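Below is one structure, written out as structure tokens; the observations come after it.
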Amino acid sequence: MIEEPYRWVEAIANRREYIEHQLAGGSPIAALSYREGILLFTLGRERQKLFEIYDRIGLGGIGHPGDLERLRMAAIEVTSTEGFARSAHDVSLRRLANYSLSPVLKAAFEQVYGAPYLARLLFAELGRAGAPNLFLRLDYDGSIHTNGGAFARAFEDFGVIAGTAPATAQMERFLREKKCAHSPLDDALAIAADAWAVGHLALTAEPEDVLPGAEKIAVHRAEQLATLSIEASVLEKTSALPMTWRALPEDPIRRLLEKRTQAGGHHGSS
């Protein structure tokens, strides 16, 4: 009997190590506030990684495609049901994460004889009536990390996920130095692309407290753009349509980023 708790703790540790290994190569995703709303950005090969969930809520995810789809559909069902039973104004990202998705992920992770979710999720919610935008990271064990607003933490204008904790930390460090909340979309796209490059570089490098230089970021970004597809979407507070979600076409973004790389100029303010 004495050994049982230890075996459970050991099993959980092994489970965490296995999941982290599976997620380690996941392409980073950056979400950040800009002048007209929220931008979600990533690079990938073929599979879609950015999704609309409900009205003002978007999702980016890394992990197993089947698990991401199950969680995406669960999020859509929960928000749609609540919006129908009450109203669209009653649907909130905090409720979705805290009362629906987090308990499901936690239970699956701790039931050591069942399969866990191989997924790491990034949600973004467009603030209403001048309220700050909300960015929320939801991990495979049900743990939640937000961009602030509670326990005397100031709101940050971004949220990120990556395959490893050091990559996530480097992306956050990079974006803290940028003032993107009032930037136009073109500047936000360039900042998001550089944040992605910072995270992607960190996936294969030794953990560092110092950010890579602007030239190294630009070179890596250009190398990856040559082989990967761009995926970007926005939640627009100025949209003339009832919906706020809009997927951005790849070609104009690629031309913008290539033009800025050729010009050799940096963007945004820090």
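The values are calculated or read from the model by the stated rules, or taken from the named source; none is laboratory data. In this text, all values refer to a predicted model and were calculated from it rather than measured experimentally. Neighbour counts run over all protein chains shown; Cβ positions are idealised from the backbone, glycine included.
Scan the range 228-247 residue by residue and report those that are surrounded by 15 or more Cβ atoms within 10 Å (Cβ to Cβ), among the small types (G, A, S) and out of contact with any helix residue (DSSP H, G or I) (no Cβ under 9 Å at 6 or more places or on another chain).
Those that are surrounded by 15 or more Cβ atoms within 10 Å (Cβ to Cβ), among the small types (G, A, S) and out of contact with any helix residue (DSSP H, G or I) (no Cβ under 9 Å at 6 or more places or on another chain): S233, S239.
Could you figure out which of (1) part of a loop (DSSP other than H, G, I, E, B); (2) surrounded by 23 or more Cβ atoms within 10 Å (Cβ to Cβ); (3) of a type outside the set (D, E, K, R) isn't true of F174?
(1)
Could you list all residues from the range 74-95 that are assigned to a helix (DSSP H, G or I), in contact (Cβ under 8 Å) with a residue 24 or more places away in the chain and either charged (D, E, K, R) or touching a Leu at 6+ places or on another chain (Cβ under 9 Å) (or both)?
Scanning the range 74-95 gives A74, A75, T79, L93, R94.
Going by the conditions given, is L257 under 25 Å from Q22 (Cα atoms), over 17 Å from the mean Cα position of the chain (by Cα), buried (at least 17 other Cβ atoms within 10 Å of the Cβ) and aliphatic (A, V, I, L, M)?
When the stated conditions are applied, L257 does not pass them.
Mind checking which residues of the range 9-48 are under 22 Å from S229 (Cα atoms) and among the β-branched types (V, I, T)?
I29, I38, T42 - these are the residues of the range 9-48 that are under 22 Å from S229 (Cα atoms) and among the β-branched types (V, I, T).
Filter the range 193-208 down to residues that are loosely packed, with under 13 Cβ neighbours inside 10 Å and touching a helix residue (DSSP H, G or I) at 6+ places or on another chain (Cβ under 7 Å), then give me how many there are.
Total satisfying the criteria: 1.
Across the range 12-31, what is the number of residues that are touching a Lys or Arg at 6+ places or on another chain (Cβ under 8 Å) and part of a strand (DSSP E or B)?
Selection size over the range 12-31: 1.
Would you please list the contacts, defined by Cβ atoms under 8 Å and residues six or more apart or on different chains, that run from a residue in the range 128-140 that is in contact (Cβ under 8 Å) with a residue 40 or more places away in the chain and of a type in the set (S, T, Y) to a residue that is crowded, with 21+ Cβ neighbours inside 10 Å and in a strand (DSSP E or B)?
So the pair list comes out as Y140/G63; Y140/A119; Y140/R120.
Under the condition of being basic (K, R) and surrounded by fewer than 16 Cβ atoms within 10 Å (Cβ to Cβ), which residue from the range 1-55 is nearest to R246 (Cα to Cα)?
R35
Provide a single number: the residues in the range 63-94 that are over 27 Å from T164 (Cβ atoms), modelled with pLDDT of 95 or more and in contact with a helix residue (DSSP H, G or I) (Cβ under 8 Å, 6 or more places away or on another chain).
Residues flagged as over 27 Å from T164 (Cβ atoms), modelled with pLDDT of 95 or more and in contact with a helix residue (DSSP H, G or I) (Cβ under 8 Å, 6 or more places away or on another chain) within the range 63-94 amount to 2.
Under 7 Å between Cβ atoms, at least 6 apart or on separate chains: pull out the pairs that start in the range 50-68 with a residue that is without any contact (Cβ under 8 Å) to a residue 60 or more places away in the chain and end on any residue that is assigned to a loop (DSSP other than H, G, I, E, B).
Filtered contacts from the range 50-68: Y54/V91; H64/L118; P65/R47; D67/Y117; D67/L118.
Test R56 against the criterion of being more than 18 Å from the chain's Cα centre (by Cα) and farther than 17 Å from W196 by Cβ, and give yes or no.
No; evaluated as a whole, the condition is false for this residue.
Could you tell me whether G60 is surrounded by 22 or more Cβ atoms within 10 Å (Cβ to Cβ), modelled with pLDDT of 95 or more and under 18 Å from L228 (Cα atoms)?
Spelling it out, G60 is indeed surrounded by 22 or more Cβ atoms within 10 Å (Cβ to Cβ), modelled with pLDDT of 95 or more and under 18 Å from L228 (Cα atoms).
Just to check your reading of the model, which residue among S33, S27 is in contact with a His (Cβ under 8 Å, 6 or more places away or on another chain) and at pLDDT 95 or above?
It is S27.
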